[in-house]
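One structure is given here, and the rest of the page talks about it.
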Amino acid sequence: MKSLDALNSFLTSPKKIVITHHYNADADALGSSLGLFHYLNQKGHQCVVISPNSMADFLLWMPGAREVLLFDKHAEACKKAVSEADVLFSLDYNQFSRTKFLAPVLEQSNAVKVIIDHHLFPDDVFEYGLSLPDKSSTCEMVYDYILSSSGEYLLNLDIARCLYAGVMTDTGSFRFSCTTPSVHRMVAHLMEKGLETAAIHTAVFDNYQENRLRFLGFVLSERLHLIPEAHAAIISVSRNDLNRFNVNTGDSEGIVNYPLSMKQVLFSIFISEREDEIRMSFRSKGQFNVNEFARKYFQGGGHHNAAGGKSERSLQQTFELLIQYIQENQLLLQSCYAESL
């Protein structure tokens, strides 16, 4: 895979560019996509951002969010844009399968394929790009790309707001171990450009509907299962639960982190029953590697302390398997917990 510096010579003349991110976009996926969108448009390119599906309401404040093409609503327009593209950027994902129903369209594209991502084990379909698992976020990587391309003079407030949102959320509001000195230098630079960070925190974290708060209270009181001997917790949510509280895209974002606020819990799992599969989120504190757990048992992956997976079994069967796999890893979990004391 060639570097992004090598790509710059190809981008010296205006190109048609499509920017994509993974299914069920989070702030890093959308923020990095829109940050790159605003930058490349200023460079004279014709850019389109395509999202595999509708985005959560708490992300729609981002500059340019309402211009994004949604594959689940505008499939033909998305297919046309991809077929005409000279360059296809894949942001915050490492395999086309992460875009779900959009994947076949991207796989068939003849455009130059570029990846900017911080997940492990990228596919070998990309001609240019960066895959840096040690980076805090894809937004930080887009920021680095802008600076390395001598584009600092184009770093406006629209770009700053989008990139800050992704860095803020992927670092857990700057408390996760991926919060390196370079992250703080980036944020300081964006603030020097005029970025007001408090407003973005409010837009992301204080922008939910009443149903989300009631749903959170319900799952913590009724759907939280602790496995104290393994320092683990599982939140299991059925389709009926989701329908009862009218849970929409993004309403369950971050709930997996709540059990980690308990001292004795270092491994937290959130599973939810969707139409076609059980979706799974894994989070951990310290040395327990949820990326390895997700890859080994649930066709998933991600980062050391944050990963995802899926199950095609029933919700109850998946829950029972989780208990079994947690018990198989109990000694390791106990060891990791002891190290954290």
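The values are calculated or read from the model by the stated rules, or taken from the named source; none is laboratory data. Computed from a prediction, not measured in an experiment: that's the story for all the values here. Ideal geometry is used to build each Cβ from the backbone, glycine not excepted, and the neighbour counts take in all protein chains shown.
Considering every residue within the stretch 27-37, establish whether at least one is among the hydroxyl-bearing types (Ser, Thr, Tyr) and farther than 19 Å from His118 by Cβ. No - not one qualifying residue is present in the stretch 27-37.
For the stretch 76-108, taking the residues that are among the small types (Gly, Ala, Ser) and in contact (Cβ under 8 Å) with a residue 40 or more places away in the chain, the one that is farthest from Phe10 (Cα to Cα) is identified as Ala81.
Can you find a residue in the stretch 238-251 that is of a type in the set (Phe, Trp, Tyr), over 21 Å from the mean Cα position of the chain (by Cα) and assigned by TED's automatic domain parsing to the domain that holds Cys336?
Scanning the stretch 238-251 turns up at least one residue that is of a type in the set (Phe, Trp, Tyr), over 21 Å from the mean Cα position of the chain (by Cα) and assigned by TED's automatic domain parsing to the domain that holds Cys336.
Please verify whether Phe215 is outside any helix (DSSP H, G or I), closer than 30 Å to Glu277 by Cβ and of a type outside the set (S, T, N, Q), treating the condition exactly as stated.
On the way: outside any helix (DSSP H, G or I): no; closer than 30 Å to Glu277 by Cβ: yes; of a type outside the set (S, T, N, Q): yes.
Against the criterion (outside any helix (DSSP H, G or I), closer than 30 Å to Glu277 by Cβ and of a type outside the set (S, T, N, Q)), Phe215 does not qualify.
Glu229 fulfils the conditions (1) part of a helix (DSSP H, G or I); (2) surrounded by fewer than 21 Cβ atoms within 10 Å (Cβ to Cβ); (3) touching a strand residue (DSSP E or B) at 6+ places or on another chain (Cβ under 9 Å) except for a single criterion, (3). Report yes if Leu11 is surrounded by fewer than 23 Cβ atoms within 10 Å (Cβ to Cβ), assigned by TED's automatic domain parsing to the domain that holds Lys135 and among the aliphatic types (A, V, I, L, M), otherwise no. Yes.
Restricting attention to the stretch 123-181, the residues that are surrounded by 16 or more Cβ atoms within 10 Å (Cβ to Cβ), of a type in the set (A, V, I, L, M) and part of a helix (DSSP H, G or I) add up to 9. Exactly one residue out of Val48, Val18, Val105, Val114 is more than 25 Å from Ala199 (Cβ to Cβ), outside any loop (DSSP other than H, G, I, E, B) and over 20 Å from the mean Cα position of the chain (by Cα), and it is Val105.
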